[in-house]
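Coordinate-derived values only; no laboratory data. Computed from a predicted structure; not experimentally measured. Every residue, glycine among them, receives a Cβ derived from its backbone with ideal geometry; neighbour counts consider all protein chains shown.
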Amino acid sequence: MRIVIVGCGKVGRTIAEQLNGEKHDITIIDTYASVITRLTDKLDVMGIEGDGSSMEILNEAGARNADLLIAVTDADELNLYICLVANSMGTKNTIARVRKPIYHKDLSDPLSKVRNSLGLSLMINPEMIAATEIHRLIRFPSAIEVDSFAGGKVELYTFKLLKDNPLIGNRVKDTSLLKGNIRISCIERDDEVIIPNGDFIPTIGDKISVICTPENAVKLFKKTNNSNTKAKNIMIIGGSRTAYYLAKLLESDHLNVKIIEKNEKRCAELSDLLSNAIIIKGDGMNQDLLKNERFDQMNCVVTLTDIDEENIMLSLYARQSTGAKCITKIDRLVFDSIVETLPLDSVIRPRELTAEAIVRYVRAVKNSQGSNVETLYKLNDGKAEALEFKVVTNNADLISKPLKDIKFIPNLNVVCITRRGKIIIPKGDDTIEKGDSVIIVTTHKGLQDLGDVLA
């Protein structure tokens, strides 16, 4: 696909890197020559220095014949305007980053009418995406990651196998806990990701991902000695946009939410925007302040300051001084190799989550005539992918054929089928039918059609 990206800040760079890895023809536009040079030296992309809202610059970048334009400058209104200009030039699809809370008052269906009237293909909000991810993690404190499929009817939960977990030392096919309703999708062991078969034996320290309904997840965590006590008291350190969106999502859960923010003006804004959260002006790095605010009584601590190092230190302090679930936001991916060695519970990377959403859309557009990718998540730091396909194919090698008789590519697992609203955790005799949604987990990268799973 021919793709134009306008704005090469943190999010734009991550999107460019992800799409470059998927072998697209990419042109980037930015007002700073140094930014363009850094990216063109690192990636196989073309760069143009200039104002992305200029029709002349967009024309030079090939927007007129582009399959997709992505506007991710720091200004919401500028992104919307760039997409309008691109649409008028003939760009087939446009995506705008829109972050301001005023544009997202209805969190259940943000700006759908406006998006349609402006002709946008997709509106993306990194802070809202991050807040939604954090909200899922708060629901299941034992999980390191929670990824949602089939409109939330089924979810993929990742957690670490600790001492005395009954899954340890038993073959997958012999474990009664997994019979029928739960499927192990993948396992990470010593930086290697394994797609397990029935003879695989989990061991202590494995990072395991299972797929099931939320109801069955509650039962699984209880039976595997993973505490799933619902968080009652939540402290958010840093009053960012992500903090606002998260607090709004938590309002309906009737939880006790405290937000610590050192900027007085921002505290006033949050007080006006949020009716149920307690807003505290202060420095989250001040231990006396944390003690006064009953830090040790928190069930969950979410660190959302603008400084990665502060977020990491606060989460490590919370783990040491409380039994709380700790969720840490990290923006600079350069620290990944170090972060992986630290005892952090869950790490949220908004830029990567945003790039995932756009890659998912791009794969669906590229394969608009086949079985589209409806949902995509990167697992185990990008070593594996979980994809949900809508089945529209008539391929006789796939349709109405028992799974045990289908020749799949190696390192791939069909983990769930949704048929007319019914969730099926498939066995060998189950089949894939036209109209189903199928979830697969694989270490292969870049699958774009369900037919790609065939050997």
Count the lysine pairs in segment 239-313 whose Cα atoms lie under 17 Å apart, taking only pairs 8 or more positions apart in sequence or on different chains.
7
Of the beta bridges DSSP finds with both residues in the chain, what % are antiparallel, to the nearest 5?
50
Would you mind checking the radius of gyration and Dmax of segment 5-84 based on alpha-carbon positions, in Å?
11.3, 30
For the chain, what does -39500 (n - 2.57) per DSSP helix run (n ≥ 4), summed and divided by total residues, give at 222 nm, in deg cm²/dmol to the nearest 500?
-9000 deg cm²/dmol
Compare the peptides 83-93, 7-17, 403-413 by average per-residue count of other Cβ atoms within 10 angstrom and give them in order, highest first.
7-17, 83-93, 403-413
Can you list the HN-Hα couplings for segment 393-403, worked out from phi with the Karplus curve (6.51, -1.76, 1.60; θ = phi - 60°), rounded to whole Hz and with x for Gly and Pro?
7, 10, 4, 5, 6, 10, 7, 6, 10, x, 4
Running Debye on segment 335-455 with equal point scatterers at the Cα sites and no solvent, what base-10 log of I(q)/I(0) appears at q = 0.12, 0.15, 0.21 Å⁻¹?
-0.48, -0.71, -1.19
Treating every alpha carbon of segment 189-285 as one equal point scatterer without solvent, the Debye formula yields log10 I(q)/I(0) values at q = 0.18, 0.20 Å⁻¹ of -0.86, -0.94
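Using a cut-off of 11 Å between beta-carbons, work out the net charge of the residues near Thr431 (Lys and Arg +1, Asp and Glu -1, Thr431 not included).
0
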Could you quote the convex hull projected area for segment 230-290, Cα atoms only and averaged over all directions, in nm²?
4.0
Cα convex hull of segment 144-200: mean projected area in nm², to one decimal?
4.6
Anisotropy class of segment 386-429 from Cα gyration tensor, a/c 1.5 cut
rounded
Stokes-Einstein at 4 °C, 1.567 mPa s, Kirkwood radius from Cα pairs: D for the chain in µm² s⁻¹?
55
Cys186's amide H: which non-local residues (gap 5+, or another chain) put their own amide H closer than 5 Å, with H modeled 1.01 Å from N in plane and none for Pro or chain starts?
Ser209
Once amide H atoms are built 1.01 Å from N in the peptide plane, which residues 5 or more positions from Lys325, or in another chain, come under 5 Å H to H?
Cys300, Val301
